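Only one structure is covered here, and it is reproduced in the block below.
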Amino acid sequence: MRATAMPLVVLALIIASERPAIAQGGRATQPSASSDSTPDPIKIAVARLDLEKYKATIKGLTQFGDRRQGTKRNRDAVDWIEAQLKSYGCTNTERITYDYQLPPPRDSTGRGRGAGRGGVPRTGPGSAQGGGTPRGIRARTGVNNDSLAQPDARLRALDREPTSPGQRQEVYCTKVGTTHPDEMYIVSGHMDGIGWGEAANDDGSGTALVMELARVFSSPDIQTERSIRFALWNNEETGTNGSRAYVAQRQALQGKEEPAGSGKYPEPKWLGMIQHDMMMFDHGMPHPDGTLSPEQRPEADVNIEFQVTSKFAADAEKLAWALATANEKYATDYPASVGQHMTNTDSGPFMDVVPAISLRENERGAQIGNGWDPHWHQPTDLYATFTDKDFRLGLNAAQTTLAGVARLTGMSIKK
Ligand SMILES: [Zn+2]
C-alpha cells in the first residue's frame, strides 16, 4: 500500500524497458497492424488459472486441519500435496528429509524460541519487524494455543494431536527447462500451520497458489527455457526450519550436472526465489475499536516485498518489479505494490544466497504485524471464513507470479 524508496532513475529504466511490451499487449491498446496475430502465450496460460480450482485446492488442504508440523495430519498433507502434484503432471516429485527438535524455551532476554526469524531484527524502538514503520491504529496479534477457542468439535478433534520432535519431510517438483535446465526459479509457499483452525489463509492460500502454478506449467503443451521448482516448505511456523534445511542441503549442489554428460541437473542454479504466504485478506487497517471491515476492500492489493538489508537487495528489487509489471498486464482485479521490508517467511533463508521476494495480502511487518488480519494464527482461519472477494485476491497473486515467472523463464505454448 505504500510508495517505495525505489530510486527514480531505476524506475525510469524499468518503465522504459517495459514500455514496448505494454504498448503491444496492454489491455487498453488495440494490436497495431505491424504486430503479428500470434496470441500472447502468457495470457493463455494465465487464463488457465481458475477461481473455483484455486478454492478447491485450498479446501483440499483444509481437510488436514491446521497441518501442524510434527503430526500425522501434517505428514498426511505432505502425501496429499505430492499426489496432487503428480496428478497435475509434475511427476518428478522429491522430498527433503531433516530433523526438527524443539528449541530451548526463551531466556530472560527474550531470545530463544522464534527469535531472529528470517534473519531480520527490528531496527529500533517502535519499528516493525523487517524494518518498516508502523502507522495508524494497531490491533492485538498473537498465536492461539487454546483448543477450547475452537468451537467446532470436529475440527478440535482433527487438530488435537500435539507436535513431536523428530524427522520431517517436505515435497517439491520441477518443470525442467528446455534450453537452460541448469538454471531455475523457486516458487514456494509453506504447507504447515498453527492456531487450532484450518490454516486456510496461512498458508493454505499460498500453498494452493504454488500447486495451481505447478498444474498450469505442467500442462504438456507448455514449455519453458529455464526450470521452475515448486516447493512446499514444512516447519515455517517454527522459524522457517524447512526452507533452512533445503538451503543447507542443496545450496552447494547448484548447477552440477549429475551424472556427468547426462544433461540432468538435480539442483539447477538458483536465479530467484518467490515465496507466497497469506494471500487472501486485505480488509484494511483495524477500526479504532480493533474490529476489521467485514468485506475485502475494493482497493486491496498484492504486496510484493524484498528485504533492503539483504545481500541481493538490488536484484531482489528488480525481481519484485518484474512481478509488479506482470501484475499490471495480466492480473484481472487487484494491483500489486512493492515494498522493501520482506520478513518472517521462507524467503528469509534464501535472501543472502539468491534474489528473494515474498508475495502477501499485506506487508508483513507494518500491516499484518499491526493486526490487519484478525484470523492470523487463530481458530477462525477457516475455509468458510473467506468470501470469493478474498479468494480472488489470492487468485490475482497467482496470476501475477505465473505471468512474471513465465516471462522470466521464456515460456511458450506448443501449437
Ligand atoms: Zn505463514
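Here is how the numbers come out for the structure above:
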| quantity | calculated |
| --- | --- |
| Of all residues in segment 183-219 being in contact with a strand residue (DSSP E or B) (Cβ under 6 Å, 6 or more places away or on another chain) and among the acidic types (D, E), the one that is nearest to the ligand (Cβ to nearest atom) | D203 |
| V247, sole failed condition from (1) part of a loop (DSSP other than H, G, I, E, B); (2) touching a Pro at 6+ places or on another chain (Cβ under 9 Å); (3) closer than 30 Å to Q169 by Cα | (1) |
| Single residue of G290, G242 found to be within 16 Å of the ligand (Cβ to nearest atom) and either within 20 Å of the chain's Cα centre (by Cα) or assigned to a loop (DSSP other than H, G, I, E, B) (or both) | G242 |
| Segment 265-287, residues that are aromatic (F, W, Y) and either in contact with a His (Cβ under 8 Å, 6 or more places away or on another chain) or in a loop (DSSP other than H, G, I, E, B) (or both) | Y265, F281 |
| Matching residues, segment 47-65, being in contact (Cβ under 8 Å) with a residue 24 or more places away in the chain, more than 10 Å from E212 (Cβ to Cβ) and surrounded by fewer than 22 Cβ atoms within 10 Å (Cβ to Cβ) | L51, K55, K59, G60 |
| Pairs, first touching a residue at least 40 places away in the same chain (Cβ under 8 Å) and away from the ligand (no atom under 16 Å from the Cβ) in segment 323-347, second in a helix (DSSP H, G or I) and of a type in the set (S, T, Y), C-beta under 7 Å, six or more apart | L323/T400; L323/T401; A326/T400; N327/T400; A331/T400; A336/T400 |
| Long-range neighbours under 8 Å by Cβ, at least six apart or interchain, first residue more than 17 Å from T387 (Cβ to Cβ) and of a type in the set (D, E) within segment 284-304, second assigned to a loop (DSSP other than H, G, I, E, B) and at pLDDT below 95 | D301/M1 |
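The values are calculated or read from the model by the stated rules, or taken from the named source; none is laboratory data. Not measured: the values here are computed from a predicted model. Quick reminder, even Gly has a Cβ in these numbers, built from the backbone with ideal geometry, and neighbours come from all protein chains shown.
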